[in-house]
Amino acid sequence: MIAFVRGEIADITEDNVVLDVGGIGYNIKVSTQTAQRLPGIGKEAMLHTYTCVREDAFQLFGFLTRDELSVFKKLITVNGIGPKGGLAILSVMSADDLRFAIISGDAKAIAKAPGIGSKTASRVILDLKDKVSVEETLIKREMNEYAALGENGSLQAENEAVEALVALGYSPSDAVKAVKKASAPADADAEVILKLALKNMF
């Protein structure tokens, strides 16, 4: 319903951020890891969001990357894992760590999340093991490193180009390879890198 919210940070707690968008404050539930990675109050931030609508509540859950949002959506398909449980898991481990835990069958790591018992952790592994792969996990880690290292400059532009290619339907693996082969100038923006990368797709 709401793809993302961009605004000035008015307040941050360990599980919630208030973004001021044109004078309206949006309460957005976040993981502890997301809260810790946000800039300070008064700074601008953008969160990719998941909208949860119930009879008694309308809540937004926010994530710094589309990858985290995607993992969260997978988590809440598991029986017994609601949005609160999904955030709890992503508060104690990154999206990468969760994928590795699923692949390796490490239920104990997942069960470290508050409110997540061993049975529920095992169910997460059982239900999601066919939805993640070693290749995807390694490629996602590489994409996330682009984002972490490139908050500005060429690396951020490369990350945006990779995300754009994935959004166009290319696999994460092919997208990363195409961007690496693009050999774009150091000051190139995402649009330029995307155009060069697309040439490598044909």
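The values are calculated or read from the model by the stated rules, or taken from the named source; none is laboratory data. Just so it is clear, the model here is predicted, and its values are computed rather than measured. Counting neighbours? That spans all protein chains shown, and the Cβs are built from the backbone with ideal geometry, glycine included.
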> Which residue out of Gly86, Gly23, Gly82 is out of contact with any helix residue (DSSP H, G or I) (no Cβ under 9 Å at 6 or more places or on another chain) and in the same structural domain as Ile116 (by TED's automatic domain parsing)?
Replying inline: Gly82
> Among the listed residues Asp97, Asp127, Asp67, Asp56, which satisfies the condition of being buried (at least 16 other Cβ atoms within 10 Å of the Cβ), among the acidic types (Asp, Glu) and under 28 Å from Glu8 (Cα atoms)?
Replying inline: Asp67
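Residue by residue through the stretch 94-127, note down the ones that are assigned to a helix (DSSP H, G or I) and acidic (Asp, Glu). Working first, answer last.
In the first step, residues of the stretch 94-127 are kept if they are assigned to a helix (DSSP H, G or I); the result is 95-104, 107-110, 118-127.
Selection gives Asp96, Asp97, Asp127.
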